[in-house]
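**Student:** One structure, pasted below without further comment.
The values are calculated or read from the model by the stated rules, or taken from the named source; none is laboratory data. This is a predicted model, so every value here is computed, not measured. Cβ: placed from backbone, ideal geometry, glycine included. Neighbour counts: every protein chain shown. All accessible areas refer to the heavy atoms of the entire protein, side chains included, with ligands and DNA or RNA removed. Shrake-Rupley method; radii C 1.70, N 1.55, O 1.52, S 1.80 Å.
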Amino acid sequence: MNLSGKIALVTGGSRGIGFSTGKILSENGATVVITGKDAKRLEKATEKIPNSIGIVADIRNTNDVKNVVSKTIEKFGRLDILVNNAGIFPKIKKLHEIDEDEWNEVLDVNLTGQFRFTKEAIPHLQKTSGSIVNISSDAGLKAYQGFNADAYSASKAALIILTKCWALEYSKNKIRVNCICPGVVDTDMTKPFLRTQTDKEFMDNEHPLGRIGQPGEIAKAIMYFVSDDASWTTGAVLAVDGGESIK
Ligand code: NAD
């Protein structure tokens, strides 16, 4: 897969799935812009990703988002790939126990944040017939007993339908929009659920393939979607989840 000459923007690229994505896109020839909230963490990440720069941005802040896209265009002159990856996971609580601020925070980052970046990126992706990948979750595909992260599930389900809406609308510009639904992946986000051996075994067994995933396994699927190998694929929703969602 050859991405040389392509400019890719990965939100939340300082760690986890976003970092692995930045790395694989770069290894395949793209120049990569990663964003994140923490300047030091971004700097460390860009040191490990060849041909990359980091731009500090809070996805909740429209001006930060505008700044990322305008700096990318200023520096590289084009945008070919947007990976809407940044996200947060809330404290596990039943719906009647969360307050509105907690609800809004998750939606602001996981849903409105993706809207903000996509809105700014579209005019540039129209010029390059570029590609967008939205990172949803198995939690957007189905309900899980005792999961109790409703705002998260709502944000991820919304991203699935937005993938289809955007794919349809911007197909006339040959922009492809696809979506990945990971199962449980070994990142900072899932650390609280993997503290003990019993927790780990439980999570492994939740997945029919017998283990949780690694960030690189999600990054490879993202790599496929943004490459020419997926040139006739748009509006697709791919579970990369060790089979979790088929149970
Ligand atoms: P992570 O916590 O390791 O990384 C999340 C990234 O998002 C970080 O770089 C963080 O800085 C960034 N981020 C969070 N809030 C932000 C904000 N306000 N502004 C800018 N950046 C912000 O998590 P991860 O597991 O790598 O998750 C990446 C994506 O994959 C998320 O959208 C997550 O919901 C999704 N996902 C993860 C899993 C999993 O099991 N890890 C499963 C399904 C979906």
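**Student:** In whole Å, what is the distance between the alpha-carbon centres of segment 89-150 and segment 168-222?
**Tutor:** A separation of 15 Å, based on Cα centres.
**Student:** Would you work out what percent of the accessible area of segment 105-247, with all protein chains in place, is carbon or sulfur (probe 1.4 Å)?
**Tutor:** 56
**Student:** Projected area of the chain, taken from the Cα convex hull and averaged over every viewing direction, in nm²?
**Tutor:** It is 12.8 nm².
**Student:** Among G87, V106, V69, whose Cα lies farthest out toward the positive end of the dipole of segment 18-124, if unit charges sit on the beta carbon of Lys, Arg (+1) and Asp, Glu (-1)?
**Tutor:** Positive-end residue among those listed: V69.
**Student:** Another question, then. Add +1 for every Lys or Arg and -1 for every Asp or Glu among the other residues with Cβ under 12 Å from the Cβ of K220, and state the total.
**Tutor:** Summing Lys/Arg as +1 and Asp/Glu as -1 gives -2.
**Student:** ³J(HN,Hα) across segment 200-211 via Karplus (A = 6.51, B = -1.76, C = 1.60, θ = phi - 60°), whole Hz, x for Gly/Pro?
**Tutor:** 5, 5, 4, 5, 4, 6, 5, 9, x, 7, x, 7
**Student:** How big is D for segment 63-156, in µm² s⁻¹ as a whole number, if Stokes-Einstein is applied with the Kirkwood radius of its Cα pairs at 20 °C and 1.002 mPa s?
**Tutor:** Taking Rh from Cα pairs, D becomes 146 µm²/s.
**Student:** Quick one: order W166, W232 from most to least accessible surface, probe 1.4 Å.
**Tutor:** Sorted by accessible area, descending: W232, W166.
**Student:** Can you give the relative contact order of segment 59-160 as a percent, counting alpha carbon pairs under 8 Å and 6+ residues apart?
**Tutor:** About 39 percent, as a whole number.
**Student:** If you count only protein heavy atoms with a 1.4 Å probe, what accessible area per residue comes out for the chain, rounded to a whole Å²?
**Tutor:** 49
**Student:** Starting from the residue with the highest accessible area, list S153, S131, S4 in decreasing order, probe 1.4 Å.
**Tutor:** S4, S153, S131
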